[in-house]
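Asks: Pasting a structure here, questions to come.
The values are calculated or read from the model by the stated rules, or taken from the named source; none is laboratory data. Quantities reported herein were computed from a predicted structural model and do not represent experimental measurements. Neighbour counts run over all protein chains shown; Cβ positions are idealised from the backbone, glycine included.
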Amino acid sequence: MIGSIARRALLAGALGLATLLTASCGGDEADNPNRIVFAVLPAESQASSEPLWAPLIDDLRAETGLDVEIHFVANYTILVEAMRANQVQVAWMSAQPALDAVERANGQVIGRIMNTEGGTTYHSVVITRRGSGITLQDVMACGRRYSFGMGDARSTSGTLAPMAFLFGPAGIEPAECFSEVRNANHQANALAVANGVIDVATNNDVGLLFTTRQNPRAAQNIEVIWESPAIPESAIVARRDVDPATVERIRSFFLTYGQGDTPRAAEQRQVLEGLEYGGFQAADESYLDPIREMNASVALMEARRGGDAAAIARAQATYDQIHARVQAAQEIQP
């Protein structure tokens with residue numbers, strides 16, 4: 001199911017990657033070892049997100065002494081492929097593409113996001129227009145009655161979580177369930193639902209906070225009809241071949257940003273509030289195990305639908321191994 005959605009994004013991803021690579025080839029990291037390309041895929045438009053990210057990146061430059069160039073990218077396929085090609089050295093990623101970067105782009109997790117309340121998880125949601133009368137039961141009945149907005153093909157909350165926790169367990173393939181399926185970022189999906197352009201869409205609770213802040217009238221027209229279990233927050237990922245001293249400077253910057261009771265720390269917390277973040281927490285790739293479990297769950301459901309006993313056994317074994325690891329980690333958490 002997720003594979004079919006991902007394939008539809010490959011052409012756009014390839015074109016966007018070519019654009020990013022062209023834009024990034026003007027500076028040679030070998031000639032300037034202090035140069036770092038930091039990439040972000042904003043949940044909202046670049047126009048909305050750039051003013052929120054700019055102060056953080058300015059502080060990163062000032063406090064680390066690095067020549068940091070920020071790029072906003074169109075989708076996670078572009079972002080992961082650009083990191084794989086070493087055109088991006090550090091990036092903010094949601095958990096699913098962070099896992100992709102670890103597995104395919106020589107990436108390492110150097111920190112994770114905390115929300116404004118200090119939590120390290122958030123929730124995927126399914127939304128519809130307030131007053132539409134559409135219920136979750138209606139949505140799950142399929143029948144190609146409604147148009148549907150999915151997130152980026154590699155989005156954790158926009159695609160993976162709804163497939164792992166909602167559609168997959170019910171045996172639903174969105175392309176066969178809805179009259180139309182569109183892929184867009186959270187802001188575009190929220191506005192499309194609020195304005196009646198599409199009937200139902202995925203989003204997340206943080207994305208809805210941005211919508212409420214930036215377009216309260218649209219937010220009033222949105223109703224949540226489903227919420228996922230908690231999923232891991234986003235990560236800061238760096239390539240493993242970036243100089244270790246540089247990685248440590250970047251890691252230290254994020255882990256100390258907004259900490260303390262100084263006037264400077266208070267200013268940094270204001271920057272974080274603009275991003276709906278509470279700060280950053282130390283993490284490594286083990287924090288992505290719940291994402292591995294979600295992927296394994298979807299793979300198992302797909303194997304069962306296929307009916308091949310050997311494929312089912314392999315998928316079950318993979319799922320059981322990852323599930324046991326996740327359970328063990330949860331048991332030792334304070």
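Asks: Where residues in region 157-189 are small (Gly, Ala, Ser) and out of contact with any Asp or Glu (no Cβ under 9 Å at 6 or more places or on another chain), which of them is nearest to ARG144 (Cα to Cα)?
Replies: Among those residues, the one meeting the criterion is ALA175.
Asks: Within region 221-244, track down each residue that is within 21 Å of SER157 (Cα to Cα) and outside any loop (DSSP other than H, G, I, E, B).
Replies: ILE222, GLU223, VAL224, ILE225, TRP226, GLU227, ILE231, PRO232, ALA235, ILE236, VAL237
Asks: Mind checking which residues of region 98-116 are closer than 16 Å to LEU255 by Cα and of a type outside the set (Val, Ile, Thr)?
Replies: GLN108, GLY111, ARG112, MET114, ASN115
Asks: Considering only region 51-162, give the helices (runs of 4 or more DSSP H) lying wholly within it that have at least 3 residues that are surrounded by fewer than 17 Cβ atoms within 10 Å (Cβ to Cβ).
Replies: So the answer is 136-140.
Asks: Looking at THR202, THR211, can you tell me which residue is at pLDDT 95 or above and either outside any loop (DSSP other than H, G, I, E, B) or in the same structural domain as ARG35 (by TED's automatic domain parsing) (or both)? Steps first, answer last, please.
Replies: Values: THR211 fails: at pLDDT 95 or above.
Of the residues listed, the single one that is at pLDDT 95 or above and either outside any loop (DSSP other than H, G, I, E, B) or in the same structural domain as ARG35 (by TED's automatic domain parsing) (or both) is THR202.
Asks: So, in region 221-248, exactly how many residues are charged (D, E, K, R) and closer than 22 Å to LEU79 by Cβ?
Replies: Looking only at that region, the number is 5.
Asks: In this structure, does GLY274 turn out to be within 30 Å of GLU331 (Cα to Cα), assigned by TED's automatic domain parsing to the domain that holds MET114 and touching a residue at least 40 places away in the same chain (Cβ under 8 Å)?
Replies: No: the conditions fail for GLY274.
Asks: Within region 214-227, identify whether any single residue is of a type in the set (Lys, Arg) and under 23 Å from the mean Cα position of the chain (by Cα), and answer yes or no.
Replies: no
Asks: Okay, moving on. Quick test for you: out of VAL197, VAL247, pick the one residue that is in the same structural domain as ALA85 (by TED's automatic domain parsing), surrounded by fewer than 20 Cβ atoms within 10 Å (Cβ to Cβ) and either over 24 Å from GLU103 (Cβ atoms) or touching a strand residue (DSSP E or B) at 6+ places or on another chain (Cβ under 6 Å) (or both).
Replies: Result: VAL247 is the single residue among VAL197, VAL247 that is in the same structural domain as ALA85 (by TED's automatic domain parsing), surrounded by fewer than 20 Cβ atoms within 10 Å (Cβ to Cβ) and either over 24 Å from GLU103 (Cβ atoms) or touching a strand residue (DSSP E or B) at 6+ places or on another chain (Cβ under 6 Å) (or both).
Asks: Let me ask something else about it. Consider SER252 carefully, then state whether it is at pLDDT 95 or above and in contact with a strand residue (DSSP E or B) (Cβ under 6 Å, 6 or more places away or on another chain).
Replies: no
Asks: Among LEU20, LEU60, which is at pLDDT 90 or above and in contact with a strand residue (DSSP E or B) (Cβ under 8 Å, 6 or more places away or on another chain)?
Replies: Matching residue, one of LEU20, LEU60: LEU60.
Asks: Given the criteria within 26 Å of ARG104 (Cβ to Cβ) and either small (Gly, Ala, Ser) or at pLDDT 95 or above (or both), does ALA311 qualify?
Replies: It is true that ALA311 is within 26 Å of ARG104 (Cβ to Cβ) and either small (Gly, Ala, Ser) or at pLDDT 95 or above (or both).
Asks: Name every residue in region 179-190 that is at pLDDT 95 or above and either outside the structural domain of ALA141 (by TED's automatic domain parsing) or surrounded by 22 or more Cβ atoms within 10 Å (Cβ to Cβ) (or both), in order of residue number.
Replies: ASN189, ALA190, listed by residue number.
Asks: Only residues that are within 20 Å of the chain's Cα centre (by Cα), under 15 Å from ASP59 (Cα atoms) and not in a helix (DSSP H, G or I): list them for region 245-280, please.
Replies: Matches in region 245-280: LEU275, GLY279, PHE280.
Asks: Which condition from (1) closer than 14 Å to VAL298 by Cβ; (2) touching an Asp or Glu at 6+ places or on another chain (Cβ under 7 Å) is the one that TYR146 breaks?
Replies: (1)
Asks: I need the full set of residues from region 34-50 which are crowded, with 17+ Cβ neighbours inside 10 Å and not in a strand (DSSP E or B), in order please.
Replies: Scanning region 34-50 gives LEU41, PRO42, ALA43, GLU44, SER49.
Asks: Given the options GLU81, GLU103, name the one that is touching a residue at least 24 places away in the same chain (Cβ under 8 Å) and assigned by TED's automatic domain parsing to the domain that holds ALA39.
Replies: GLU81
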